[in-house]
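Below: the structure, in structure tokens.
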Amino acid sequence: MIAVISGTTGLTGSLLFSKLLADKSISEVISVTRKSLNVNNPKLKEVIVNDFANLLDYSDELKGDIYFCCLGTTIKQAGSKENFRKVDFNSIVNFGKIAEKNMAKTFTVISAMGASPTSKIFYNKVKGETECALMELKINRLIIMRPGLLIGERNEIRLAEKATISIFNSLSKILPAAIKNRIATPVEKLTSRMLKEGMNSAPKIKIINAIDI
């Protein structure tokens, strides 16, 4: 089985990428990135795309059975709402179109808690619009993950997020499990669930909210 993954340099993508390489049922892992990951593994095939606006041009190089989309940014990182949308809508939907063209068994994507095309919050609105666009594609099975605040070790420092996680960790000792699961999602749990769902080729659309991850 061939797995294709985008967003391998991020918090979730990097961990999922490692799990795919370690999974014996995966014969090849195709990673699409802007620069090399500098990972030496016989199962790995890297496809370097300097400009993700041209992602569709690489469809033939990104042929696989199961697809995992971990692409995502923040408005601060992107620099503007327009640039944010280029990543969190255009690039993700185009990756979905590649999966559609290559008749993927599954396409698993990370969205966000509160995603809705009618949301007044720009971030959630774009996420919701992305979900809707992916649902319109003819993909055998679409899995949409809506995690809460991601708990894990990031390479980059996000001060506001770090403070929020610190507060959550303090409160988690007294919060009921159901509430904790709605608020935050450990990346370890998220990637394990993504891998499990990605292996299931039952034809349908499935949305998995934070509480169920």
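All of the numbers you see were taken from the coordinates with simple rules; none came from a lab. This is a predicted model, so every value here is computed, not measured. Cβ sites come from the backbone with ideal geometry, for glycine too, and all protein chains shown count toward neighbours.
Observations on the structure shown:
- Conditions (1) of a type in the set (D, E, K, R); (2) closer than 22 Å to residue 200 by Cα; (3) out of contact with any Leu (no Cβ under 6 Å at 6 or more places or on another chain): number failed by residue 100: (3)
- Those residues of the range 93-127 which are among the hydrophobic types (A, V, I, L, M, F, W, C) and part of a loop (DSSP other than H, G, I, E, B), in sequence order: 103, 104, 112, 113, 115, 121
- Output for the range 60-85, where each listed residue is among the small types (Gly, Ala, Ser) and exposed (fewer than 13 other Cβ atoms within 10 Å of the Cβ): 79, 80
- Only residues that are buried (at least 18 other Cβ atoms within 10 Å of the Cβ) and either out of contact with any strand residue (DSSP E or B) (no Cβ under 8 Å at 6 or more places or on another chain) or closer than 19 Å to residue 6 by Cα (or both) were counted across the range 105-124, and they come to 9.
- Only one of 88, 57 that is surrounded by 20 or more Cβ atoms within 10 Å (Cβ to Cβ) and among the acidic types (Asp, Glu): 88
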